[in-house]
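Single-structure report; data block below.
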Amino acid sequence: MIIKSINMGTFKLTILLILFFSTNLFCQSTTTHQQKFKDSLQAKLISDSTYIYRFQKLRPFFNIDQRNSFIRNSAINVNGIQIGVLIKEKHIIGFGAYSITSNSKQNVKTKTYKNIETFRNLDMKYITLFYQYIAIDKKYFELNVQAEIGGGLFNLKFYDAKSNNLLFEKSSGLIVTGIGPLIAIKPIKWIGITGMAGYRFTFEKSPNLNFNGAYYSYGVWLDIRQIIRDVNYYFFKKRKYKNQLVCVAT
């Protein structure tokens, strides 16, 4: 029997080669597994993002509507809310409820009653059915056209400016209709500045009311839906995705 001696250097080299290739294969297997897991996370994030920012045929609409106008050259302010539904991101239909502010109810000096110097006191409330068409909807700019019709009640009083005696009082219903554009400028996608102008018609024949005329409003535009979407995506879904990537890396 012949026993061949093995060189110690050759033996060590063989062992090192075996360890190198086995480690390399293990690393490749681990890297492939990690990459597949990252790809699945990325696909899940894209799927969640698509769902969060999905197109919706119907969604609720809410707006705080503050208007400024004039009645017989006297400024009045009207506060209201609009509640409705947005259809296919293009049409808004809903109801509005309005009332003049407490400042507008204060006595206004006038001479409209029998050429006597008087104070006029007005209270008015009305509701409307409105429709908005979203004509242009860009990232930084939006243009809507609004039309409305509604009805309500008013109470009109005239007091003698000297004696403060009540000279005239009338309470009645009124029909209101109007149309005008609404513009929103959005420096970022969920907040901006709005401006609206329109013309209001009433079918009340009292010359002392004369509610016909132009109105305008301005304020802050806030897209609550977009805020909820961004919070859900950036603070929940995307943060969870990043935390899972850190776990994979470690």
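All of the numbers you see were taken from the coordinates with simple rules; none came from a lab. No experiment lies behind these values; they were computed from the predicted model shown. Heads up, the Cβs are rebuilt from the backbone with ideal geometry, glycines too, and the neighbour counts pull from every protein chain shown.
Output the Cα-based Rg and Dmax of segment 129-211 in Å, rounding Rg to one decimal and Dmax to a whole number.
19.2, 59
For a label point 7 Å from the Cα of Y51 along Cα→C-beta, name the residues of segment 218-241 whose backbone N is under 15 Å from it.
Answer for this model: 229, 232-234, 236-238, 240-241.
Mind scanning K90/K240; K36/K138; K88/K240; K138/K240; K36/K237 and naming the pairs with a C-alpha gap bigger than 27 Å?
K90/K240; K36/K138; K88/K240; K138/K240
I'd like to know which of I193, Y126, S171 lies farthest towards the positive end of the charge dipole of segment 58-223, counting +1 on Cβ of Lys and Arg and -1 on Cβ of Asp and Glu.
S171
Are there trypsin sites (Lys or Arg not before Pro) in segment 111-166 that DSSP marks as loop and that have at most 11 other Cβ atoms within 10 Å, and which are they?
Passing both the DSSP loop test and the Cβ count: K114, K138, K139, K162.
Evaluate E = 1/(1 + (r/R0)^6) for K36 and Y199, where r is the Cβ-Cβ distance and R0 equals 51 Å; express this FRET efficiency to the nearest 0.05. Please report the intermediate quantities before stating the final value.
On the way: r = 64 Å, r/R0 = 1.25.
The formula returns an efficiency of 0.20 here.
Once R0 is set to 35 Å, what does the formula 1/(1 + (r/R0)^6) return for the Cβ-Cβ distance between Y241 and S74, expressed as a FRET efficiency to the nearest 0.05?
So the FRET efficiency works out to roughly 0.05.
Could you work out the per residue convex hull volume over the alpha carbons of segment 58-223, in cubic angstrom?
Roughly 97 Å³ of hull volume per residue.
What is the gain in length, in nm to one decimal, between I228 and D137 on full extension, counting 0.36 nm per residue of separation less the C-alpha to C-alpha distance?
Extending this stretch completely gives an extra 30.8 nm.
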